[in-house]
Amino acid sequence: MKLFGCLRSPLFGSTGGFRVSLDRVGDEPIGMVATYCPSAPQSQGLVIRDVTADEGSAILRWNQRHPKRQVRPGLAILEVNGCCSTAEMLREVKDSNCLELLLCEHLTPLQSEILSSSRRRSKAIAAVEAVIQEIEVDTEVTEQCAICYEDLTMQVIQLPCGHCFHKSCATKWLASCKAHQRCPLCNQKLEIYT
Ligand SMILES: [Zn+2]
Ligand SMILES: [Zn+2]
């Protein structure tokens, strides 16, 4: 908490904080994945998990011009356009084409935890996506997803055992913990985590 106080004080600059201005042109991607903990206090900000080097992203352009103030994974975003609550920052990132970010390289223990749990989760989802296969479905068939009990009419995947679920239901289940790396219906083990 003390860190946030420092950043807004005249000492700002000695705490590893710096400002970044991003100009997004049209619908181009901003070029990063930021994460946050919904249950964390508002002042915990967002944490940058990945910077996707998308061609033509606002971050790629900034990073090429400012090699010493690069936007990179592992930085906390403390302010976006002067807003410092999580909801306001997310709204600015979504709606505004000009983004003034205040970034900080020193993470609080909670921000570090948010970052590592988000990294674990994205690794788990990537591993799950490698073992599931999206299939075309016949809209006449009214089979149900055994996870949510809704009809399997769209975004359906098939596990190696042959059982089908909604892609989002299966991904959520399989990526949630190691004990869940089995088909929820027949219990066949899936080789997801190494
Ligand atoms: Zn479902
Ligand atoms: Zn199965």
*Where does segment 29-83 land on the Kirkwood hydrodynamic radius, alpha-carbon pairs, in angstrom?*
12.0
*Return the single residue from ILE125, ILE114, ILE77 with maximal mean-square fluctuation; model: Gaussian network over the chain, springs between Cα atoms under 10 Å.*
ILE125
*To the nearest 500 deg cm²/dmol, what mean residue ellipticity at 222 nm is calculated for the chain from DSSP H runs of n ≥ 4 alone, each contributing -39,500 (n - 2.57), summed and divided by the residues?*
-9000 deg cm²/dmol
*Can you give the Rg to Rh ratio of segment 103-194, both from alpha-carbon atoms, with Rh computed by the Kirkwood formula?*
1.11
*Based on Cβ point charges of +1 for Lys and Arg and -1 for Asp and Glu, what charge dipole magnitude is obtained for the chain about its Cα centre, in debye rounded to the nearest 20?*
1220
*Sequence-distant or interchain residues sharing an amide H contact under 5 Å with GLU79, placed H: which?*
LEU102
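Coordinate-derived values only; no laboratory data. Predicted model, so just to flag it, every value in this text is computed and none were measured. Please note: Cβ atoms are built from the backbone with ideal geometry, for glycine as well, and neighbour counts cover all protein chains shown.
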